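Everything on this sheet refers to the single structure shown next.
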Amino acid sequence: MLSAMRLLTPVAIAAVISCSATPVALAARAGSQLGFAVDAIGFRSYFVFNARPGASVHGTLRVVSLTAGAKTVLVRPVDVSTAAAGGLQYGDHGPVGNGRWLTLGRRSVRVSGTGSARVPFTVRVPSGAGTGDHFMGITAVDRRVLAEHPSGHGAIRLRLIPRLAMTLELRLPGRHRSGLALGGVKVQVAPSGASLTFGISNPQNTLIPSTIGSVTVWQGGTPLFSRDIELASFVPRTAISYHVPWEGTPVQGTYRVTGELRPVGAPAIEFARTVTFGSSAIRQFRAQTGRSARQTSSIPIVLIVALALALAAAVALGVAYTTARRQIRRGV
């Protein structure tokens, strides 16, 4: 559970919305804008409650100022899901899932210097809530960050909003089940190139701390490339699209994809799937990347083999005919 503990501690996150500054400048600004921390009062690193359906639990989040000057910190409940490479991902909109169970006693606090403020909260568990682990979160952001407007112009502008997040885990009694499920596998094209996309989900009711594995892509009996798979914690009842970059430039054809996933505390999954990179994907690859992807010959491989055999037979027949004529002349 140690790896999951690391991922569930308070983390700095950033929501991307419309803005125009460069990523480097945004990262530097994000570090200078935080200036505060969050703390789970009464807990080692994050909130963990044993609860029952229909019951309520209570806790207190502490917001601590780390820099001089007064600041107003806005807090809100959010849903928690699984990020694209595993790990916890915190919503940037109003909750529609377990986050709706959470009610905050305050939506903003004012802190400065070495001061701190408390945010009490209540989690009301629905009577129909299922067994197992349930996750939600509280995000905190300096109000001044939300008030800032990006400079620059253009149709597409990005702004990075640095936030802190605190995790709440509720453990409901009953049988805990642990396991991942592998859905579809396909080749996907983006401006960065082609990749294999795996649909992976945790349909069970228990957090999976981490998952390792591997994948190999074959064409015929020849292995083209292999990649390791490594996923951080996987939240119950969530799904992701996991991308494995394609090595080199894909060629039109059919490929075999084999490998395995080994989630901690859950059964391993071995898989063998077939994916196709067709003519439409070739055109999309050229449009997205500006690079050419090679098409296969329009003549079926079976026909090529048949023609080669026919040619070889014709050559052999010609040699035999010539040899026979020579022997007949000598006999005469």
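The values are calculated or read from the model by the stated rules, or taken from the named source; none is laboratory data. Just so it is clear, the model here is predicted, and its values are computed rather than measured. Every residue, glycine as well, gets a Cβ built from its backbone with ideal geometry; the counts of neighbours run over all protein chains shown. We work out accessible area using only protein heavy atoms, side chains counted, and drop any ligands, DNA or RNA first. Shrake-Rupley method; radii C 1.70, N 1.55, O 1.52, S 1.80 Å.
Inspect region 41-55 for any residue being surrounded by fewer than 15 Cβ atoms within 10 Å (Cβ to Cβ), part of a strand (DSSP E or B) and modelled with pLDDT of 95 or more and give the result as yes or no. Yes, because at least one residue in region 41-55 is surrounded by fewer than 15 Cβ atoms within 10 Å (Cβ to Cβ), part of a strand (DSSP E or B) and modelled with pLDDT of 95 or more. When you scan region 215-223, do you find a residue that is in contact (Cβ under 8 Å) with a residue 12 or more places away in the chain, hydroxyl-bearing (Ser, Thr, Tyr) and farther than 19 Å from residue 276 by Cβ, even just one? No: zero hits.
Yes/no per residue for (1) at pLDDT 80 or above; (2) surrounded by 16 or more Cβ atoms within 10 Å (Cβ to Cβ); (3) over 25 Å from the mean Cα position of the chain (by Cα):
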| site | (1), (2), (3) |
| --- | --- |
| 247 | yes, no, no |
| 258 | yes, no, no |
| 268 | yes, no, no |
| 285 | no, yes, no |
| 290 | no, no, yes |
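Filtered by the rule that a residue be surrounded by fewer than 20 Cβ atoms within 10 Å (Cβ to Cβ), in a strand (DSSP E or B) and among the β-branched types (Val, Ile, Thr), region 57-110 gives 57, 60, 64, 72, 103. Summed over region 231-249, residues that are touching a residue at least 60 places away in the same chain (Cβ under 8 Å) and not aromatic (Phe, Trp, Tyr) total 10.
Once region 21-40 is narrowed to residues that are surrounded by 15 or more Cβ atoms within 10 Å (Cβ to Cβ) and more than 26 Å from residue 234 (Cα to Cα), the residue that is modelled with the highest pLDDT is 36. Residue count for region 119-133 satisfying the condition of being open to solvent by 20 Å² or more (accessible area, probe 1.4 Å) and more than 19 Å from residue 204 (Cβ to Cβ): 5.
Does at least one position in region 173-180 carry a residue that is free of Cβ contacts under 8 Å to residues at least 24 places away in the same chain and either in a strand (DSSP E or B) or within 30 Å of residue 121 (Cβ to Cβ) (or both)? No, region 173-180 contains no residue that is free of Cβ contacts under 8 Å to residues at least 24 places away in the same chain and either in a strand (DSSP E or B) or within 30 Å of residue 121 (Cβ to Cβ) (or both). Checking each residue in region 178-197 for being of a type outside the set (Gly, Ala, Ser), more than 19 Å from residue 253 (Cα to Cα) and surrounded by 14 or more Cβ atoms within 10 Å (Cβ to Cβ) picks out 180, 182.
Yes/no matrix, rows are residues, columns are (1) hydroxyl-bearing (Ser, Thr, Tyr); (2) over 28 Å from residue 60 (Cα atoms); (3) modelled with pLDDT under 95:
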residue: 134; (1), (2), (3): no, no, no
residue: 144; (1), (2), (3): no, no, yes
residue: 154; (1), (2), (3): no, yes, yes
residue: 170; (1), (2), (3): no, no, no
residue: 182; (1), (2), (3): no, yes, no
residue: 207; (1), (2), (3): no, no, no
residue: 222; (1), (2), (3): yes, yes, yes
residue: 231; (1), (2), (3): no, yes, no
